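Here the structure is laid out as C-alpha coordinates; the discussion comes afterwards.
The values are calculated or read from the model by the stated rules, or taken from the named source; none is laboratory data. Given the structure is predicted, the values throughout are model-derived calculations rather than measurements. Backbone-built Cβ (ideal geometry, glycine too); neighbour counts: all protein chains shown.
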Amino acid sequence: MDDLMKSINSLEIEKITGESQETIKRWKKGTKKIPESAIRLLKLYVNGDATALLGKDWEGHVFKDGMLFVPEWRRGFTPGEIRAYSGNVSLLQALKVKYGY
(Lines give C-alpha, C1' and ligand atoms only; values in the text may rest on other atoms or scores of the structure.)
Protein backbone atom coordinates (compact mmCIF):
# COMPACT_ATOMS: atom_id res chain seq x y z
CA MET A 1 0.00 0.00 0.00
CA ASP A 2 2.92 2.34 0.72
CA ASP A 3 4.10 2.08 -2.89
CA LEU A 4 0.61 2.83 -4.12
CA MET A 5 0.29 5.91 -1.89
CA LYS A 6 3.74 7.15 -2.92
CA SER A 7 2.96 6.75 -6.61
CA ILE A 8 0.09 9.27 -6.51
CA ASN A 9 0.21 12.87 -5.33
CA SER A 10 -2.23 14.10 -2.71
CA LEU A 11 -4.28 16.20 -5.14
CA GLU A 12 -4.90 13.17 -7.35
CA ILE A 13 -5.89 11.10 -4.32
CA GLU A 14 -8.32 13.84 -3.30
CA LYS A 15 -9.84 13.85 -6.79
CA ILE A 16 -10.18 10.05 -6.86
CA THR A 17 -11.47 9.47 -3.33
CA GLY A 18 -13.17 12.75 -2.46
CA GLU A 19 -11.32 12.84 0.86
CA SER A 20 -9.83 15.98 2.39
CA GLN A 21 -6.13 16.79 2.22
CA GLU A 22 -5.95 16.40 6.01
CA THR A 23 -7.28 12.84 5.82
CA ILE A 24 -4.90 12.00 2.98
CA LYS A 25 -1.94 13.33 5.01
CA ARG A 26 -2.94 10.99 7.85
CA TRP A 27 -3.19 8.07 5.42
CA LYS A 28 0.27 8.81 4.05
CA LYS A 29 1.74 9.12 7.57
CA GLY A 30 0.05 5.89 8.62
CA THR A 31 -1.85 7.49 11.49
CA LYS A 32 -5.22 6.71 9.93
CA LYS A 33 -6.25 3.49 8.22
CA ILE A 34 -7.16 3.81 4.54
CA PRO A 35 -10.68 2.47 3.88
CA GLU A 36 -10.89 -0.57 1.61
CA SER A 37 -13.08 1.39 -0.82
CA ALA A 38 -10.35 4.03 -1.24
CA ILE A 39 -7.69 1.35 -1.73
CA ARG A 40 -9.77 -0.23 -4.49
CA LEU A 41 -10.29 3.07 -6.28
CA LEU A 42 -6.59 3.89 -6.09
CA LYS A 43 -5.60 0.46 -7.44
CA LEU A 44 -7.99 0.89 -10.32
CA TYR A 45 -6.63 4.38 -11.01
CA VAL A 46 -2.93 3.46 -10.79
CA ASN A 47 -2.85 -0.06 -12.19
CA GLY A 48 -6.05 -0.18 -14.22
CA ASP A 49 -6.79 -3.46 -12.45
CA ALA A 50 -10.49 -4.21 -12.91
CA THR A 51 -10.46 -6.81 -10.11
CA ALA A 52 -9.78 -4.03 -7.61
CA LEU A 53 -13.31 -2.77 -8.09
CA LEU A 54 -15.25 -5.49 -9.87
CA GLY A 55 -14.00 -8.69 -8.20
CA LYS A 56 -12.10 -11.86 -9.10
CA ASP A 57 -14.24 -12.63 -12.15
CA TRP A 58 -12.48 -9.69 -13.81
CA GLU A 59 -8.95 -11.03 -13.26
CA GLY A 60 -6.71 -10.15 -16.19
CA HIS A 61 -8.99 -7.33 -17.37
CA VAL A 62 -7.26 -3.96 -17.34
CA PHE A 63 -8.36 -0.40 -18.01
CA LYS A 64 -5.62 1.54 -19.80
CA ASP A 65 -5.59 4.59 -22.07
CA GLY A 66 -9.38 4.80 -22.03
CA MET A 67 -9.85 1.21 -23.20
CA LEU A 68 -10.74 -2.12 -21.61
CA PHE A 69 -8.21 -4.87 -22.28
CA VAL A 70 -9.39 -8.46 -21.87
CA PRO A 71 -7.11 -11.51 -21.48
CA GLU A 72 -8.37 -13.17 -24.65
CA TRP A 73 -7.71 -10.22 -26.96
CA ARG A 74 -4.53 -8.32 -27.84
CA ARG A 75 -5.96 -4.87 -28.25
CA GLY A 76 -8.32 -2.97 -26.01
CA PHE A 77 -11.94 -2.13 -26.62
CA THR A 78 -13.06 1.49 -26.71
CA PRO A 79 -16.28 2.56 -24.95
CA GLY A 80 -17.89 2.97 -28.39
CA GLU A 81 -17.00 -0.59 -29.38
CA ILE A 82 -18.41 -1.96 -26.13
CA ARG A 83 -21.66 -0.03 -26.66
CA ALA A 84 -21.83 -1.31 -30.26
CA TYR A 85 -21.40 -4.94 -29.09
CA SER A 86 -24.26 -4.48 -26.66
CA GLY A 87 -26.46 -3.11 -29.44
CA ASN A 88 -25.48 -5.95 -31.76
CA VAL A 89 -26.39 -8.54 -29.12
CA SER A 90 -29.81 -6.93 -28.69
CA LEU A 91 -30.33 -6.91 -32.46
CA LEU A 92 -29.28 -10.56 -32.74
CA GLN A 93 -31.71 -11.56 -29.97
CA ALA A 94 -34.54 -9.70 -31.70
CA LEU A 95 -33.76 -11.44 -35.02
CA LYS A 96 -33.73 -14.82 -33.30
CA VAL A 97 -37.17 -14.16 -31.86
CA LYS A 98 -38.51 -12.90 -35.17
CA TYR A 99 -37.17 -15.78 -37.24
CA GLY A 100 -37.51 -18.50 -34.61
CA TYR A 101 -33.88 -19.45 -34.06
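Annotations for the structure displayed:
- Checked against (1) without any contact (Cβ under 8 Å) to a residue 24 or more places away in the chain; (2) surrounded by 12 or more Cβ atoms within 10 Å (Cβ to Cβ), Thr17 passes all but a single condition, namely (1).
- Segment 24-66 - residue that is hydroxyl-bearing (Ser, Thr, Tyr) and within 8 Å of the chain's Cα centre (by Cα) and, of those, surrounded by the most Cβ atoms within 10 Å (Cβ to Cβ): Tyr45
- Some residue of segment 44-64 being more than 19 Å from Thr17 (Cα to Cα), aromatic (Phe, Trp, Tyr) and assigned by TED's automatic domain parsing to the domain that holds Met5: yes
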